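Undergrad: My structure is below; once you've seen it, I'll send some questions.
We did not get these values from a lab; they are worked out from the coordinates using the rules stated. On a predicted model such as this, the values are computed, not experimentally measured, just so you know. All Cβ positions, even for glycine, are placed from backbone atoms using ideal geometry, and neighbour counts span all protein chains on display.
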Amino acid sequence: MKYDSKTIEEKWQKIWQETGEFDITEDTDKPKYYALEMFPYPSGNLHMGHVRNYSIGDVVARYKKMQGYNVLHPMGWDSFGLPAENAAIKHGADPADWTWSNIDNMRKQLKRLGFSYDWDREVATAKPDYYKFTQWMFAQLYKHGLAYKKKSYVNWCPSCATVLANEQVVNGKCERCKSEVGKKDLEQWFFKITDYAQRLLDDIEKLGGWPDKVKSMQTNWIGRSEGAEVDFKIDGSDETLTVYTTRPDTIFGVSYMVIAPEHPLVEKLIAGKETEAECRAFIKKVQHQSEIMRSATDTEKEGVFSGTYLIHPFTGDKIPLYLANYVLLDYGTGIVMGVAAHDQRDFEFAKKYDLPIRIVIQPEGQNMKSEDMTEAFAAEGIMENSGEFNGMNNKDAIKAITKRLEERGIGRGKVNFRLRDWLISRQRYWGAPIPIVYCDKCGEVLVPDDQLPVILPQNVKFTGQGQSPLSECEEFVHTTCPKCGGPAKRETDTMDTFVCSSWYYLRYCDPHNTEMPFDKAKTDYWMNVDQYIGGVEHAILHLLYARFFTKALHDFGYVSCDEPFENLLTQGMVLKDGTKMSKSLGNVVSPEEIVDKYGADTARLFIMFAAPPERDLDWNDTAVEGSYRFLNRVWRAVEDLRDCVTDEKPDAESLTADEKKLRLAVHGAIKKVTADCDRFSFNTAISAIMEMVNALYYYKEHTPKDGLNKPVVSEAVTSLIVMLSPFVPHIACEMWEMIGKTSNLAVEKWPEYDEKALVVDEIEIVLQINGKIRDKIMISPDLTREEMTELAMSNDRIKELTEGKQIIKCIAVPKKLINVVVK
RNA sequence: GCGGGUAUGGCGGAAUUGGCAGACGCGCCGGAUUUAGGUUCCGGUGUCUUUGACGUGGAGGUUCAAAUCCUCUUAUCCGCACCA
């Protein structure tokens, strides 16, 4: 007989729903705990990655609840985004209908897995009551000068027909559709995340509960570098060009300069020069080079002389200015010094175009010659050919030269970041409209808070071509100016969906508030998120944006915290046969099927048991059977022993050896499961429960039915059910009922172990000679080192093996081993 | 190139602080139950030339003792990448 997972799971899910079991409010009598999993995009169906993410979160939430915490555990939908719109283009479905029906389906699937969400707090970012406040967030940033529009050379995905943030371009391709990303000069909305670059970087230190991997990814992404800006006079003009360099110490080694071909000043620099035609041809060529080609390290460096010379600020030499494909427009000033001897890229470029290689730093005690060099020398050394700075260590020269530049007013120390401002406008329909209107009289006008939300219109046309559907929706575009009441046009760009997901964790604290995105008192109670759980793919984008939002809202006075996520767990992927599950490979295991066949509890148990949460998990059908078998084994034991359940406590004084052994197993398990759950080592927590079940079977099989010690068995059975309940809540509740309990298992107190039950008369310790095991003996655990040593010396085996040898020393580790060192 | 991981039986994994390597599970082998298969219960299962030796990707080192610490190295995965 197998236990009936289907009936049991439906029964308890219904009860939880009807009793509002997991609905929660602020309660200052209890410590709070905010358990959060990254909310899903409603693609249509739950996949195993979701099941894993939410199973981990549910165990955490349920475990904390049983430990007496007031647990906030919400769920919602990151429901704006391109797939809805693509479905509209492809199948003619309305993006809203498509989204809501997907949500309905996935909500059902989540409920079938028995997660302990407070469904009353469910949010969907595509609903007006939510995006009203996404627009409010935009307004706040706008009012504080952190949202601005500028013409910029931006990433453009031709297939998605929209711009993309820097973070959404992966290897020169669109993160979503993988098509090659181009560049366009467009007027776009940005959030000034760069204002927070230093703080976002500094505060990474505060993120003690985050994985190092994520912290280092963010550090690299922010990419702080220290250097200097230097002004170079243009020969024959009063104007200057400014470069950024991290190596001002190499300034005397400059043999040429380079400017990005797309640089706005290029036009002026090449106009009327002998080389103009050549330059124009080069610019055209570079424009046709794809972003991937341009950014690949192994792409050959190419350039052309601009016809312009710059004047070296120290030597007064005339230095040729080149246009070259290896200089990035949007980092630093878009102009760099070419120091062939001390930078590998410059070295290659100089070799190709036969430009001078000037050594200005020598490795200590050496005398390199430029004609012998096969690669640039980028390490530390002693300055030479650098005028007054000769003989200095180059590290010191960086400071000295920067200082001199500052004194002369032709340069300055400068910190640069790799992080760019966050491009948030999208030329798409299914997103939160940007609350801006354009009035002929008043210009760009922010929609006032009391006129939010700017409602996304329905019944727009989806052609998949040309402009955004919104810009062709006349009744949306034409409006009145909030300032002067005259005719005005709406901004037709919508916001990047990452804006919506940058503040949802705050909305969960107060999801029904119609006046404000949240009440400060409520976020003060619930924030920070104590445990955030999700995929590592969000290590940069979402997690950086959310940190930025929290800091900005903190500065505006809306929240007290300035980091949102106290602890972060990045769960591993769910694989099949060592590779990612994917439709094209046909190796997708559907959660629905598994729940149908074995039940939600088995699916959850397998996922938690098969691997530690942060590691990748290979789906294994026979191992799933093993988890199912274990639950049946537990079920049979509880069924068998249900009559033993009593309120009577075991009498520790009068137990048989077998009874003591069972108690030891039970309390040992309580100790280990608790410690393991505290450190999120759920796989070993489950294995500890399995060992306890094995001990229970041993006792059961070795004791006549009428000889069972009821209080001892009762203690074992109740602890077993309680400890299983965060992992497999349905079967646990059913067994709880089966043994006659009427209390609510979800808030049952987590068991505590009895130190006395763990005390044993004898333990096995190891006898070693020179670190090799030679015997094992049973001793009292209380023996001192001296007593242990004495025992070892009188041991026959040790005596035999050490005969005729010189005993140098004897190391005794209480409760572990004795090691005799001989020569 | 820079940054961060990972490497342990046939497989997933365990060993929290340096102290019995391989817990727990899968698989496999055997016993009991059964007409048989399946189920269930019990037992076994790192390798080998088995009174012992070897064994945590490889090579050194520190230590009475190393999967764990140090140095070097190989493989592999992930992130960033012409960032001046």
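Undergrad: Tell me which residues come under 5 Å, amide H to amide H, from residue A:33 once H is placed; ignore anything under 5 positions away on its chain.
TA: Long-range HN contacts for residue A:33: A:70, A:71, A:72.
Undergrad: With θ set to phi - 60°, apply the Karplus curve 6.51 cos²θ - 1.76 cosθ + 1.60 along the range A:77-94 and write out the HN-Hα couplings as whole Hz, x wherever there is a Gly or Pro.
TA: Using θ = phi - 60°, the values come out as 9, 8, 9, 8, x, 4, x, 4, 6, 5, 5, 5, 5, 6, 10, x, 6, 6 Hz.
Undergrad: Run through the DSSP bridge list for chain A and note the antiparallel percent, rounded to the nearest 5. Please report the intermediate quantities before stating the final value.
TA: Details: 74 of 98 bridges.
Of those bridges, close to 75 percent are antiparallel.
Undergrad: Further question on the same structure: Which GluC sites (Glu not before Pro) in the range A:742-814 pass both tests, a DSSP loop state and at most 15 other beta-carbon atoms within 10 Å?
TA: Numbers: sites: A:748, A:752, A:755, A:762, A:764, A:786, A:787, A:790, A:800, A:803; in loops: A:748, A:752, A:762, A:803.
Passing sites in the range A:742-814 are A:752, A:762, A:803.
Undergrad: Let me ask something else about it. What is the ratio of the Cα radius of gyration of the range A:1-154 to 2.2 N^0.38 Å, with N the residue count, to two decimals? Write out the running numbers ahead of the final one.
TA: Numbers: Rg = 19.2 Å, N = 154, 2.2 N^0.38 = 14.9 Å.
That ratio works out to 1.29.
Undergrad: Can you tell which of A:327, A:460, A:553 lies farthest toward the positive end of the dipole of chain A, using +1 and -1 charges on the Cβ of basic and acidic side chains (Lys, Arg; Asp, Glu)?
TA: It is A:327.
Undergrad: How big is the dipole moment of chain A about its Cα centre under a simple scheme where the beta carbon of each Lys and Arg is +1, that of each Asp and Glu is -1, and everything else is neutral? Debye, nearest 20, please. Can you show the working numbers first?
TA: Working: 103 positive and 125 negative charges, 197 e Å.
Dipole about the Cα centre, nearest 20: 940 debye.
Undergrad: Let me ask something additional. Enumerate the amide H contacts of residue A:822 below 5 Å, restricted to partners 5 or more residues apart or on another chain; note that Pro and chain-start residues carry no placed amide H.
TA: A:770, A:808
Undergrad: Let me ask something else. Specify the inter-centroid distance of the range A:296-359 and the range A:525-552, based on alpha-carbon positions, in whole Å.
TA: Computed from Cα coordinates, the inter-centre distance equals 41 Å.
Undergrad: Once amide H atoms are built 1.01 Å from N in the peptide plane, which residues 5 or more positions from residue A:529, or in another chain, come under 5 Å H to H?
TA: It is A:566, by chain and number.
Undergrad: Now for a different question. What does the charge add up to near residue A:381, with Lys and Arg as +1, Asp and Glu as -1, over the other residues with Cβ less than 10 Å from its Cβ? Present the calculation step by step, with values, prior to reporting the outcome.
TA: Numbers: positive: A:395; negative: A:249, A:364, A:380, A:384.
So the surrounding residues net to -3.
Undergrad: Cα-Cα over 31 Å: which of A:215/A:816; A:192/A:215; A:215/A:815; A:65/A:215; A:233/A:285?
TA: Working: A:215/A:816 39 Å; A:192/A:215 21 Å; A:215/A:815 40 Å; A:65/A:215 29 Å; A:233/A:285 28 Å.
Those over the limit are A:215/A:816; A:215/A:815.
Undergrad: If you take the square roots of the eigenvalues of the alpha-carbon gyration tensor of the range A:278-393 and sort them as a ≥ b ≥ c, do you get rounded (a/c under 1.5), prolate (a/b over b/c) or oblate?
TA: Numbers: a/c = 2.28, a/b = 1.69, b/c = 1.34.
It is prolate, given that a/c is not under 1.5 and a/b is the larger ratio.
Undergrad: By the scheme Lys and Arg +1, Asp and Glu -1, what is the net charge of all other residues having a beta-carbon under 15 Å from that of residue A:759? Show your work: numbers first, answer last.
TA: Details: positive: A:660, A:661, A:663, A:671, A:756, A:815; negative: A:653, A:659, A:754, A:755, A:761, A:762, A:782.
Around residue A:759, the surrounding residues sum to -1.
Undergrad: Could you give me the percent of Cα pairs per 5 Å distance bin for the range A:538-621, shortest bin first, beginning at zero and ending with the bin that holds the maximum distance?
TA: 3, 12, 15, 16, 13, 10, 10, 10, 8, 3, 0
Undergrad: Can you tell which of A:246, A:156, A:234 lies farthest toward the positive end of the dipole of the range A:108-252, using +1 and -1 charges on the Cβ of basic and acidic side chains (Lys, Arg; Asp, Glu)?
TA: A:156
Undergrad: Using Cα atoms only, what is the angle between the long axis of helix A:600-610 and the major principal axis of chain A, expressed in degrees (0 to 90) to the nearest 10?
TA: In chain A, helix A:600-610 runs at an angle near 70 degrees to the longest axis.
Undergrad: Taking θ = phi - 60°, what integer Hz values does the Karplus form 6.51 cos²θ - 1.76 cosθ + 1.60 yield along the range A:238-247, in sequence order, with x for Gly and Pro?
TA: 8, 7, 10, 10, 10, 10, 10, 9, 8, 10
Undergrad: Return A:288, A:478, A:50 ranked ascending by Cβ neighbour count within 10 Å, so the fewest neighbours appear first.
TA: Values: A:288 8, A:478 12, A:50 21.
So the residues, fewest neighbours to most, are A:288, A:478, A:50.
Undergrad: Against the longest alpha carbon principal axis of chain A, how many degrees, from 0 to 90 and to the nearest 10, is the axis of helix A:785-794 turned?
TA: Roughly 60 degrees between the two axes.
Undergrad: Quick one: Cα centre-to-centre distance for the range A:565-580 and the range A:118-185, in angstrom?
TA: So the separation of the two Cα centres works out to 25 Å.
Undergrad: What do the square roots of 5 times the Cα gyration tensor eigenvalues come to for the range A:477-544, in whole Å, largest first, as semi-axes of the equivalent ellipsoid? Don't skip to the end; give the middle numbers.
TA: Details: eigenvalues 215, 78, 11 Å².
Taking √(5λ) for each eigenvalue gives 33, 20, 7 Å, largest first.
Undergrad: Between rounded, prolate and oblate, where does the range A:423-522 land on the alpha carbon gyration tensor, with a ≥ b ≥ c its root eigenvalues, rounded for a/c under 1.5, else prolate if a/b exceeds b/c? Could the numbers behind the result be given before it?
TA: Values: a/c = 2.30, a/b = 1.35, b/c = 1.70.
Oblate, since a/c reaches 1.5 and b/c is not below a/b.
Undergrad: Rounded, prolate or oblate: which one fits chain A, using the alpha carbon gyration tensor with axes a ≥ b ≥ c (rounded when a/c is under 1.5, else prolate when a/b beats b/c, else oblate)?
TA: It comes out oblate by the Cα gyration axes.
Undergrad: Per-residue HN-Hα couplings for the range A:391-397, Karplus 6.51 cos²θ - 1.76 cosθ + 1.60 at θ = phi - 60°, whole Hz, x for Gly and Pro?
TA: Values, residue by residue: x, 6, 5, 5, 4, 5, 5 Hz.
Undergrad: Helix A:621-641 versus the longest principal axis of chain A: what angle, 0 to 90°, nearest 10, using Cα atoms?
TA: Approximately 30 degrees, to the nearest 10.
Undergrad: Follow-up. List the aspartates and glutamates whose Cα lies under 14 Å from the Cα of residue A:809, skipping any in the same chain that are fewer than 8 positions away.
TA: Those aspartates and glutamates meeting the cut-off are A:786, A:790.
Undergrad: Also, I was wondering about something else. In the neighborhood of residue A:61, defined by Cβ-to-Cβ distances under 11 Å, what is the net charge if each Lys or Arg adds +1 and each Asp or Glu adds -1? Intermediate values should be presented prior to the final figure.
TA: Working: positive: A:62, A:64, A:65; negative: A:37, A:58, A:118, A:530.
Overall, the nearby charge balance is -1.
Undergrad: Could you work out [θ]222 nm for chain A from helices alone, using -39500 (n - 2.57) per DSSP H run of at least four and dividing by all its residues? Round to the nearest 500 deg cm²/dmol. Can you show the working numbers first?
TA: On the way: 26 runs with 300 residues, N = 823.
Value at 222 nm, helices only, nearest 500: -11000 deg cm²/dmol.
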